[in-house]
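Novice: Below you'll find the structure I mean.
The values are calculated or read from the model by the stated rules, or taken from the named source; none is laboratory data. What you see is a predicted model, and the numbers here were worked out from it, not measured in a lab. All Cβ positions, even for glycine, are placed from backbone atoms using ideal geometry, and neighbour counts span all protein chains on display. All accessible areas refer to the heavy atoms of the entire protein, side chains included, with ligands and DNA or RNA removed. Shrake-Rupley method; radii C 1.70, N 1.55, O 1.52, S 1.80 Å.
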Amino acid sequence: MTTITENGSQSRPPRERPAPGRQMTVGQLLLSEWAKLFTVRSTTFTLLLALVLGVGFGLLFTAAGARDYLDASAAVQRDFDPVATSTGSYIFAQLALGSVGVSVFASEYATGTIRTSLTSVPRRGRLLAAKTVAFTAVAVVAGQVIAFLTFFAGQAVLSARQVPYVSLGDSDVPRAVIGCGLYLAAVGVLGLAFGALVRSTTIGLVLVTGATLVVPAVTSALPEVWRDRTQKWWPPSAAEHVMEINPSGGSLGPGAGLGLLVLSVVVLLVAAFGVFRTRDA
């Protein structure tokens with residue numbers, strides 16, 4: 001809560017006093033934040049859920065894509081993308097990773113343990129950075145595991161259905177698969193930034209869902225010129241093309257699209273730091 005002084009000016013909340021003893025090193029702080037993540041049961045459960053959603057729906061989407069390919073015209077078959085077909089389940093996995101990201105901050109505010117964290121680490125920028133680094137490491141590993149398992153499972157389905165498939169040795173395939181994992185990690189950190197900004201799990205998850213699913217769906221109903229411009233520059237929509245080996249014309253390049261999403265996440269983290277350092281715990 002912001003304090004109003006006698007002369008009417010606003011003062012920042014008092015800084016939490018550090019706990020007696022030595023200040024934690026960077027390594028100790030990162031290990032502490034890592035331990036906090038996996039102390040909460042929901043973290044492991046939600047990460048496993050992201051894996052199940054990614055691989056499970058990936059198999060379903062790939063089977064449907066193979067069926068559509070066999071029934072399609074030659075012109076449509078030329079545009080068939082085996083990687084994008086198998087990793088299309090990212091739309092579900094991203095919500096699970098995003099919800100884990102939201103809970104990194106929001107759950108501490110919900111339980112009041114953020115005060116204990118600030119007592120141990122009074123420098124709020126240091127605490128925010130430690131939480132971001134620890135969770136980003138988890139999100140990158142989880143994203144890559146989901147992307148590679150989904151890719152291998154999907155290519156096996158395409159091969160069994162005698163539909164064109166690819167391997168990691170083919171051109172642009174490693175970029176598309178690794179890009180899928182990085183996209184998922186970026187959405188997870190996006191969730192962390194939203195959680196730090198709004199301090200609410202429910203609102204944070206609504207924001208993640210809105211940014212990654214609702215806005216792209218709504219813009220698809222706009223007139224063509226506005227739809228194309230919005231989908232080209234809306235960060236999650238622009239970054240999706242990194243998962244394609246044949247990106248559609250008119251979109252940003254795979255690297256540029258993913259870079260735009262990462263840049264937007266960094267901007268939100270800076271905004272979250274501004275809010276975090278001035279609000280009461």
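Novice: What does the accessible area of Lys36 come to, in Å² to the nearest 10, when a probe of 1.4 Å is used?
Specialist: For Lys36, the solvent-accessible surface is approximately 60 Å².
Novice: Please list the equivalent ellipsoid semi-axes of region 205-281, computed as the square roots of five times the alpha-carbon gyration tensor eigenvalues, in descending order and whole angstrom.
Specialist: 27, 16, 10
Novice: Out of every Cα-Cα pair in region 240-281, what percent are more than 15 Å apart?
Specialist: Cα-Cα pairs in region 240-281 separated by more than 15 Å: 54 percent.
Novice: About the Cα centre of the chain, what is the dipole size in debye to 20, counting +1 per Lys and Arg Cβ and -1 per Asp and Glu Cβ, all else neutral?
Specialist: For this selection, approximately 1280 debye.
Novice: Moving on to the next point. If you wrap region 35-80's Cα atoms in a convex hull and average its projection over all directions, what's the area in nm²?
Specialist: 4.1
Novice: Three principal axis extents, largest first, for the C-alpha atoms of region 12-147, in Å?
Specialist: Reported extents, whole Å, longest axis first: 72, 28, 23.
Novice: Summarise the long-distance tail of P(r) for the chain by giving the % of C-alpha pairs beyond 33 Å.
Specialist: More than 33 Å apart: 30 percent of the Cα pairs in the chain.
Novice: Turning to a different aspect of this structure: Which whole-number percent gives the relative contact order of the chain, counting Cα pairs below 8 Å spaced six or more residues apart?
Specialist: 24
Novice: Note down, for region 83-173, the three equivalent ellipsoid semi-axes (square root of 5 times each alpha carbon gyration tensor eigenvalue), biggest first, whole angstrom.
Specialist: They are 40, 13, 7 Å, listed largest first.
Novice: So, for the chain, what is the accessible surface per residue at a probe of 1.4 Å, expressed in square angstrom?
Specialist: On a per-residue basis, 50 Å².
Novice: Quick one: divide the alpha-carbon radius of gyration of region 141-281 by 2.2 N^0.38 Å and tell me what you get.
Specialist: Dividing the Cα radius of gyration by 2.2 N^0.38 Å gives 1.20.
Novice: Shifting gears a bit: Roll a 1.4 angstrom probe over the protein heavy atoms and tell me the percent of accessible area of the chain that is carbon or sulfur.
Specialist: C and S fraction of accessible area: 65 percent.
Novice: Determine the order of Arg277, Arg115 by accessible area, beginning with the largest, at a probe radius of 1.4 Å.
Specialist: From most exposed to least exposed: Arg115, Arg277.
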